[in-house]
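Let me begin by presenting the structure, written as structure tokens, before commenting on it.
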Amino acid sequence: MTTRFSLQRSLTLVVLLLAFAATSVWARTDRKFETSPALATEAQYLIRLLEEAHYNRDAVSASDYIQIVPAYMSDLDGQRLFFLNSDKIAFTEHYSKNIYWNIRELGNINAAYEIFSTYESRAHARISWILNELKQNFDFTTTETYRVDRTKSEWPANPAASDTLWKQRLKLELISELMNKKTIEQAKEVVRKRYERMLKNLEDIDGSDLAEIFLSNVARLYDPHSTYFSAATFEDFGIQMKLQLVGIGALLGTEDDNCVVKEIVPGGPVDLGKQIHPGDKIISVAQAGAEPVEIIGMKLRKIVEMIRGAKGTQVRLLIQPADATDPSAHKQITITRDVVKLNSARAHAAVFQAPGPDGGTIPLGVISLPAFYGPSDSDEPDAEKTSATKDVARLISQLKTAGIKGLVLDLRHNGGGYLSEAIDLTGLFIKNGPVVQVKNYSGDIQVDSDQNDGVAYSGPLAVLVDRFSASASEIVTGALQNYGRAIVIGDSSTHGKGTVQTIVEMKNVAPMLARSTTKTGATKLTVQKYYLPNGSSTQLKGVVPDIVLPSIDDFLPIGESDLPHALVWDEIPSSRTFFGQPLEEKILKPLRAASATRQNSLDEFLYLRKNVDWFKMRQNQKLIALSLAERQKQKDADEVFRKEMKAEKDRLAKSDFPYREFRLGPPPPPKIKAPHKADAVDSDSGEDDSELSTDEGDTYGKVDVHLRETLRVVTDAVRLGENRQYWASDHAPLTLLTDSKG
């Protein structure tokens, strides 16, 4: 298993944590789990791997292991609703002296089972209380509020405080159903079934699930990308984790009781549908012609089984959007299952006619790259053996033939891929030189360089990024910025994942496990860090664009810096063979000034800022009213705002730049939409689901403010190139030497 994987592949290997589940009212609560000899061996070797091979090995001491207790409790009870604060105190005191030595020397993880036993008892009692409480009357006219996100709150201090909290929680859930046009009896029935289902799910949890959660918390003491796979998880999902959801093309995880979309596979049905995004929560799943099944608290493997299905069949998902600020905001999506089509996932391009001087237009190319894929990504024997670099080179040739005056490399939502592709692709725009440096724990540094003097494109270049641009995307972006080869535009920073992981099967490091027929688990651990040619790390800070544009992404917890125990940012010496220079201030200053003027004057930026400000306001609203009238009032105001923004978007779309598309394979199938239904209403916007997207049939979305502005910046650079005072040495801004090839 190579250690040179970037974020897209690393994220697909993250352990899919089980956040919450419960058993039926009549189920046993006296189950006993014990650490088996094989599991004890795996636990011991996990600690050995972390202490001997992890990049961050020296940053974790024995005393830090007590942090596992509240972290494990949070994985079981993410919203801090079932445990009591006294549980946390008691567990911390009880395990503080021996948890490290029990795991390291004995492989004993009985703490995981003992803590779960308390959780199971608390959940069983609480949900029985809930079912009884739902028989009571509720007052929806109070001035009470509820903190929707309790992940960082304390657990209730005592049973009385827990009762009060749960009464508020139930009001919140009932109001959400009432706002979705349910009667009070229907709302109670929905909530009752939800908790009965959670009770049944609790019984499905077994010892291996608990071991996986517990030992993953051990690994994450060292960094957020290290984790432990139980034997079942490792076998079921395997190293090629993107195969886990063949059917809709999405990677799922669980967070705080909810199934969350972690990643969208380029070219899959979800990607083509454009109605589901990373961070969205899946509330329920329904097969064609069947009633929906709520999946809150359900084991991930069961959810995967429900969503998987035969090609051509349909599945309905009830989604809570990631940017929703009201828990009642849901939308129903219908997806037709299919295989991921390589041609749909490949790079594609277009020539845009951007506004030029004197009322004319200037042809500018845009290459959109969804991932740094390689030939081995294709499983079809007769498939064309292509790669991201080869595809981009072919598209550049086509765009140059079309007469482009500048180029935008769009790496938004590109989570990475093969490091070799990142290096080769960077080489399409520079003559030669170092692209990335990789350092291990011992301080040994390996420099990976572009060795090819050939240049595919030497003209004005911009790179467009966002907070989802990660790993290999950050390497390419940072390298081109280091060389002053491109101007970087986008969100306040890229994702910030500058680490390298490797997968180790436990049977390969523990001789006694290798001799056994028992299936073993595996661990993923961080072993190296990435650095740019100038020595700057991409870890934590990511790559900071030269021109920053307003973005909702900047107010979502989606960056590396939002993850606990993330490795620090640091620097190493610049590569000895690196002689590049960043863009000079005489070039950046006029480009930034022109963009700032547009950002302060154009209607599209006013439209963008209104959306960002509205989102910020709702995000800052930590407490939500438990008054039905207040909630309805806020929902009505939000609906008015959304309709205004939709009307404004439709108006602005009339001034979108015309473009002609270039593809290397057959055109993609039409974007997947939910069928039109008279009663298919989105509870947050009041609009028909089939009309949620204004971009049906278009490869490039309407009113893509960031892309439009990036094209304008490139136009500005082209115009600056007409004045030699803005030239660097003997070449125009954002270009290579005038004698370079291409």
> Given a Förster radius of 41 Å and the C-beta distance between V447 and D204 as r, what FRET efficiency does 1/(1 + (r/R0)^6) yield to the nearest 0.05?
Replying inline: 0.25
> What is the diffusion coefficient of region 406-455 in µm²/s, taking the Kirkwood radius over Cα pairs and the Stokes-Einstein relation at 37 °C with a viscosity of 0.692 mPa s?
Replying inline: 265
>> Given the DSSP H assignment, sum -39500 (n - 2.57) over each helix run of at least 4 residues in the chain and divide by its residue total; what's the result at 222 nm in deg cm²/dmol, nearest 500?
In response: -11000 deg cm²/dmol
>> Between A125 and K385, what is 0.36 nm times their sequence separation minus the Cα-Cα distance? Round to one decimal in nm.
In response: 87.8 nm
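Determine the alpha carbon to alpha carbon distance for each of K171/K281; K302/K507; K643/K702; K167/K193 and list only those over 19 Å.
Values: K171/K281 21 Å; K302/K507 27 Å; K643/K702 16 Å; K167/K193 17 Å.
Check vs 19 Å cut-off fails for K171/K281; K302/K507.
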> With a 10 Å Cβ neighbour count serving as the proxy for reagent exposure, in which order, fewest first, do T735, T517 appear?
Replying inline: T517, T735
> Listing H413, H731, H565 from the residue with the fewest other Cβ atoms within 10 Å to the one with the most, what is the order?
Replying inline: H731, H565, H413
>> Below 8 Å, C-alpha to C-alpha, sequence gap of six or more: please give me the relative contact order for region 241-336 in percent.
In response: 27
> Which residue, chosen from V455, Q501, T523, occupies the Cα position most advanced towards the positive end of the dipole of region 426-567, where the dipole is computed from +1 (Lys, Arg) and -1 (Asp, Glu) charges on Cβ about the Cα centre?
Replying inline: T523
> Quick one: putting +1 on the C-beta of Lys and Arg, -1 on the C-beta of Asp and Glu, what dipole do you get for region 241-336 around its Cα centre, in Debye to the nearest 20?
Replying inline: 440
> Cα-Cα pairs above 44 Å in the chain: how many percent?
Replying inline: 27
> Taking the mean number of other Cβ atoms within 10 Å as a proxy for protection, how do you rank 33-43, 216-226 from highest to lowest?
Replying inline: 216-226, 33-43
> What is the order of F578, F429, fewest Cβ neighbours within 10 Å to most?
Replying inline: F578, F429
>> Sequence gap at least 6, Cα distance under 8 Å: using those rules, report the relative contact order of the chain to the nearest whole percent.
In response: 16
> Taking only C-alpha pairs under 8 Å that are 6+ residues apart, what is the relative contact order of region 7-235 in percent?
Replying inline: 37
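Once the mean 1/r over all distinct Cα pairs of region 7-235 is inverted, what Kirkwood radius in angstroms do you read off?
Values: mean 1/r = 0.0521 Å⁻¹.
Answer for region 7-235: a Kirkwood hydrodynamic radius of 19.2 Å.
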> Sorted by packing (mean other beta-carbon atoms within 10 Å per residue), highest first, where do 568-577, 496-505 land?
Replying inline: 496-505, 568-577
> Highest mean first, what order results for 468-481, 191-204, 440-453 on Cβ atoms within 10 Å?
Replying inline: 468-481, 191-204, 440-453
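Rule-based calculations on the coordinates, nothing more; no lab input. In this text the structure is predicted, and so the values were computed from the model without any measurement. So basically every Cβ, Gly included, is an ideal-geometry build from the backbone, and we count neighbours across all protein chains shown.
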